[in-house]
1. Take each of the peptides 32-45, 75-88, average the number of other beta-carbon atoms within 10 Å over its residues, and list them starting from the highest.
2. So if R0 is 25 Å, what FRET efficiency would Glu165 and Asn127 give, r being the distance between their Cβ atoms, rounded to the nearest 0.05?
3. What nm distance separates the two modelled labels at Glu191 and Asp95, each placed 7 Å from Cα along Cα→Cβ?
4. Under 13 Å from the Cβ of Arg194, count the other residues' Cβ atoms, weight Lys and Arg +1, Asp and Glu -1, and hand me the total.
5. Based on the mean of other Cβ atoms within 10 Å per residue, sort peptides 179-187, 98-106 so the most packed one is first.
6. Given the rule -39500 (n - 2.57) for each run of at least 4 DSSP H residues, summed and divided by the residues of the chain, what is its mean residue ellipticity at 222 nm, to the nearest 500 deg cm²/dmol?
7. Please work through the chain and write down the cysteines that have no neighbouring cysteine Cβ at a distance under 4.7 Å.
8. How far apart, in nm, are the 7 Å Cα→Cβ label points at Gln136 and Thr88?
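Just so it is clear, none of the values below were taken in a lab; they were calculated from the coordinates. Quantities reported herein were computed from a predicted structural model and do not represent experimental measurements. Cβ sites come from the backbone with ideal geometry, for glycine too, and all protein chains shown count toward neighbours.
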Amino acid sequence: MVKVKICGITNLEDALLACDLGADAIGFIFHEKTPRHIRPSEAQLIARSLPPFVTKVGVFVNMPIQELGKICETVPLDLVQLHGDEPTEYCRQVDRPWLKVFRVSDEFDVSQLAPYKAIGFLLDTFNQERYGGTGQTFNWKIAKEAKRFGQIILSGGLNPQNVSEAMNFVKPYAVDVCSGVEAVPGKKDPEKMRRFFGEISCTAKSR
């Protein structure tokens, strides 16, 4: 069954509901230029309250490697998500398992994934103004093509209305949702989350 990551968690209530509904991973965003930003001290408290087999993911955007390391010392992260323009030299210095994010436009060349020795690749929608949280999808044919380079985590504009179609078309290793299950930026909508997981469950059973 496809794995599910709920990203942009800022409070314990949302985190625990996501886990109760079946989330495999919870994402904490440490990039300050987003309303979904969370302080390391807050993320630490939430992370310590999660069930033992839920993966705790830290999302970073072009952060100096020393700062990233300090956050990893504070928050019990299992996985680092590099969501910026980090070169391979930077990635090799990360002392946790890591995902590399690529922001996909119609002209995206999937061969860009090749030099990165990541445990997986998260594909998000390209936006000139921001890193993630756009609420917009991209051409999923590109995600299908990218699967030859490794495990693909599909992101970008997923919501209860389109996640089933995305799963059937791309057949990704995992799906990642943030704004698609929010009430407002930084606060999840419980009903949207339930519908999102319900669609995933129904789609998995129909295969």
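1. Details: 32-45: 16.0, 75-88: 18.8.
Those peptides, ordered most packed to least, come out 75-88, 32-45.
2. Details: r = 22 Å, r/R0 = 0.86.
So the FRET efficiency works out to roughly 0.70.
3. With each label placed 7 Å out from Cα toward Cβ, I get 4.7 nm.
4. On the way: positive: Lys188, Lys192, Arg195; negative: Asp14, Asp20, Asp189, Glu191, Glu199.
Net charge around Arg194: -2.
5. Numbers: 179-187: 17.6, 98-106: 20.1.
For the peptides 179-187, 98-106, the packing ranking is 98-106, 179-187.
6. Numbers: 7 runs with 64 residues, N = 207.
That comes out to -9000 deg cm²/dmol.
7. Cysteines of the chain left without a disulfide-compatible partner: Cys19, Cys72, Cys91, Cys202.
8. If labels sit at Gln136 and Thr88, their model points lie 3.0 nm apart.
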